[in-house]
Amino acid sequence: MQPDPTKPLSIGLVLYPGFTQLDLSGPYEVFSRLPETDVHLIAETAGAIASEKGLAIVADTTFDSAPPLDVLCVPGGPGQLAMMEHAPLIHFLQERGPAARYVTAVCTGALLLGAAGLLRGYRATTHWLSLDLLIPLGAIPVNERVVIDRSRITGGGVTAGIDFGLVLAAELRGEAVAREIQLLIEYDPAPPFTGGHPRIADPDLVGRVTRARGEFQEQRRLQAERIGAELIRGGSAGGAVTTS
């Protein structure tokens, strides 16, 4: 069935301290150009939320006051580590995810969906450093730029958010609209260097980057395994930590 371009849509992008701004702003640039679409920036509290590198983006609504959503989208970033067990965020995802037409994420935002139990049995992708961490959260990792599995759509690392946004735009409003947006934003990638993914990067470079992130990735791994075990037991990851 072809998308109905006249039916209003509501898209919600989640903000939290320490998110990666391009994970959010890439898709936002696409979504904001969709016809008959309202895009909401949602956080625990309204106002400026600082991203990973300090650039702040203003949340215009809260978990409690956000309208019904056709699309729920979660960015990644190092702040994801704290949010994996942050009750308000996890409960918001658990409450809104089942009601959304599409539940989506960019980069390690997929781990947050996993912590909320929203990727169990679904194929999904995330940043290459964290792809295997989808397994303990019940997801099926797929090493692709964008992965669609029924109502779940996930994008890989950071810059994949633009690809993800265009793929979802085509799902929502049709390919012609998505192609027009791609042209308007001049999305015509021509990277100056070959090596933006481990499959084509110099192995020595991949090793250096992997080692540099080793300690943080180990924290992510231990957390994902612990939360995955809680989900199997029927617990709630977000209920394990204080709400501050």
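Since every read-out is calculated from the coordinates, none of them should be taken as a lab result. Everything quoted here is computed from the prediction, not taken from an experiment. Positions of Cβ are generated from backbone atoms using ideal geometry, with glycine treated the same way; all protein chains shown enter the neighbour counts.
The table that follows gives values for the structure above.
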quantity: Helix-only CD estimate at 222 nm, as mean residue ellipticity for the chain, using -39500 (n - 2.57) per DSSP H run (n ≥ 4); calculated: -10500 deg cm²/dmol
quantity: Contour excess over end-to-end distance, with Cα ends at residue 190 and residue 82 and 0.36 nm allotted per residue; calculated: 35.4 nm
quantity: Built amide H within the under 5 Å cut-off of residue 43, gap 5+; calculated: 15, 61, 62, 63
quantity: Other-chain or far-sequence residues with amide H under 5 Å of residue 9's (modelled H); calculated: 37, 38
quantity: Total formal charge among the other residues, if their Cβ is under 15 angstrom from that of residue 81, Lys/Arg +1 and Asp/Glu -1; calculated: -2
quantity: Separation of alpha-carbon centers, the stretch 131-203 and the stretch 1-77, rounded to whole Å; calculated: 17
quantity: Relative contact order %, the chain, counting alpha carbon pairs below 8 Å whose residues are six or more apart; calculated: 20
quantity: Geometric extent, Cα atoms of the stretch 114-200 - Rg, Dmax (angstrom); calculated: 14.3, 40
quantity: Distance (nanometres) between label positions extended 7 Å along Cα→Cβ at residue 209 and residue 56; calculated: 3.1
quantity: At R0 = 30 Å, FRET efficiency that the Cβ-Cβ distance of residue 202 and residue 233 yields, to 0.05; calculated: 0.10
quantity: Cut-off under 5 Å, modelled amide H: who pairs with residue 106 long-range; calculated: 74, 76, 155
